[in-house]
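**Student:** Before I ask anything, here is the structure I am working with.
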Amino acid sequence: MASRTDRLAIACVLAVLLIGVGLVAPAVALGQDGEGADEAEHEHTPGDGHDHGASISINDLDVAQRERARALFSEVMCSCPRENWSRTLGSCPDGCANQQKQTILARVLQGISDREILDEQVRIAKQILPMTGRDPADAERVLAAPPGALGMWVIALPLAGFLGATIVLGAILKSWTGPGGGDAPSQQSDGPAPDDAEIAAIEKELSEVD
């Protein structure tokens with residue numbers, strides 16, 4: 001049987017793993033989308049029917065504007081029918097996403113707010129969906145997630161990891177202090193305690209022996 005020290009070490013390892021998963025998961029999700037955005041900035045596939053010859057490069061933006069553009073690329077889905085709302089602009093390196101990216105880059109250069117840019121993407125989707133035989137009511141799907149949804153996950157996952165670690169530690173500590181859970185031997189007596197009459201009889205026998 002594992003000693004109390006061994007069980008405490010195992011509990012600490014489990015707690016660290018749970019908290020670590022909660023902290024790392026949001027960062028991994030953000031990093032993957034960011035990598036896709038970097039690839040999309042440099043790849044270009046003309047001639048697929050969505051490229052309109054726009055020439056704005058992300059390098060034309062200053063540092064703050066580039067960060068805004070990358071963030072918007074992660075919040076807008078590629079509206080190409082063959083993608084079927086499966087990729088954000090940041091994770092889509094194909095030429096079908098170029099027109100949407102160009103529109104966003106142009107609006108960022110013009111100083112348009114993020115909210116206005118996202119609303120414009122919805123309006124554009126409503127116009128182009130019927131042209132490809134799709135329902136304009138699906139235009140909201142051009143937005144990757146409701147505002148603040150990603151931020152909620154960034155907060156919720158570490159909190160869930162912390163709560164999970166607390167539950168695991170609590171359960172282990174309870175098992176140590178519960179019946180039979182400790183390492184110390186039981187101090188239970190082998191039988192019922194003698195009553196006053198028995199004690200008096202024993203004392204009398206002892207006095208007679210003396």
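Read-outs: derived from the displayed coordinates by stated rules, not from any lab. In this text, all values refer to a predicted model and were calculated from it rather than measured experimentally. When we count neighbours, we look across all protein chains shown, and the Cβ atoms used for this are built from the backbone with ideal geometry, even at glycine.
**Student:** Amide H of LEU143: which non-local residues (sequence gap of 5 or more, or other chain) have their own amide H closer than 5 Å, using H built in the peptide plane?
**Tutor:** Here MET77 satisfy the definition.
**Student:** Taking 0.36 nm per residue of separation and subtracting the Cα-Cα distance, what length does fully extending THR166 through GLU198 add?
**Tutor:** 6.3 nm
**Student:** Considering amide H positions built from the backbone, and no H for Pro or chain starts, which residues 5 or more places from THR88, or on another chain, come under 5 Å of its amide H?
**Tutor:** CYS78
**Student:** Compute for the stretch 43-144: radius of gyration divided by Kirkwood radius, i.e. Rg/Rh, restricted to C-alpha atoms, rounded to two decimals.
**Tutor:** Rounded to two decimals, Rg over Rh is 0.94.
**Student:** Can you run phi through the Karplus equation (6.51, -1.76, 1.60; θ = phi - 60°) for the stretch 99-108 and list ³J(HN,Hα) in whole Hz, with x for Gly and Pro?
**Tutor:** Ordered by residue, 3J(HN,Hα) equals 5, 5, 4, 5, 4, 5, 4, 5, 5, 5 Hz.
**Student:** 7 Å from Cα along Cα→Cβ at both GLU67 and THR132: what's the point-to-point distance in nm?
**Tutor:** Result: 3.2 nm between the two label points.
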